[in-house]
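The values are calculated or read from the model by the stated rules, or taken from the named source; none is laboratory data. Given the structure is predicted, the values throughout are model-derived calculations rather than measurements. All Cβ positions, even for glycine, are placed from backbone atoms using ideal geometry, and neighbour counts span all protein chains on display.
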Amino acid sequence: MKRFEKQYLVNVSEKRFYEALTNPAMVSQWSGAPAQMSEEVGAAFSLWGGSIEGLNSKVTSNTLEQQWKGKRWGGYSNVLLEWKAGAEGLEVSLTHTDIPDDTFQNIKRGWDEHYMNPLITWLESNNL
């Protein structure tokens, strides 16, 4: 099992970032795919039309922790997103642990290509 960590800088408010992660309509907009999402701890979710499914472990105004499972994974991995306002924008920390070895490179690339870059682009172009 592998671990991936990365930091991102986003020009958006903490509230708007939280909404973009927990509002299913917003998730569908920035991801370009069907999504089911909730703010409730213990609630199930799915992303990219069910390619990733999981459960919310922790949801606060500056933290989202989830258990993720891909269709071909044996078990769940853990995703932790934490954010705080910084001098140059919102500082976002991503930690993804327990990634199956055979999917690590795809997951690592996917964080930028399918999750964070589309999210950041959507947020910064729709920052109200």
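The figures follow:
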{"quantity": "Enumeration of residues in segment 66-77 that are farther than 15 Å from Tyr115 by Cβ and in contact with a strand residue (DSSP E or B) (Cβ under 6 Å, 6 or more places away or on another chain)", "calculated": "Gln67, Lys69, Tyr76"}
{"quantity": "Qualifying residue in segment 83-90 (condition: under 24 Å from Met1 (Cβ atoms), modelled with pLDDT of 95 or more and out of contact with any Phe, Trp or Tyr (no Cβ under 9 Å at 6 or more places or on another chain))", "calculated": "no"}
{"quantity": "Tabulated pairs, segment 106-119, first over 15 Å from Glu5 (Cβ atoms), second assigned to a helix (DSSP H, G or I), C-beta under 6 angstrom, 6+ apart or interchain", "calculated": "Pro118/Trp30; Leu119/Trp30"}
{"quantity": "Failed condition for Gln29, given (1) within 16 Å of Ser77 (Cβ to Cβ); (2) surrounded by fewer than 18 Cβ atoms within 10 Å (Cβ to Cβ)", "calculated": "(1)"}
{"quantity": "Candidates Asn62, Asn106, Asn126, Asn56 - the one that is surrounded by 17 or more Cβ atoms within 10 Å (Cβ to Cβ) and either in contact with a Pro (Cβ under 9 Å, 6 or more places away or on another chain) or of a type outside the set (Val, Ile, Thr) (or both)", "calculated": "Asn56"}
{"quantity": "Scope segment 69-128; condition of a type in the set (Gly, Ala, Ser) and on the phi > 0 side of the Ramachandran plot; matching residues", "calculated": "Gly89"}
{"quantity": "Of residues in segment 94-128 being of a type in the set (S, T, N, Q), at pLDDT 95 or above and within 22 Å of Gln29 (Cα to Cα), the one farthest from the chain's Cα centre (by Cα)", "calculated": "Thr121"}
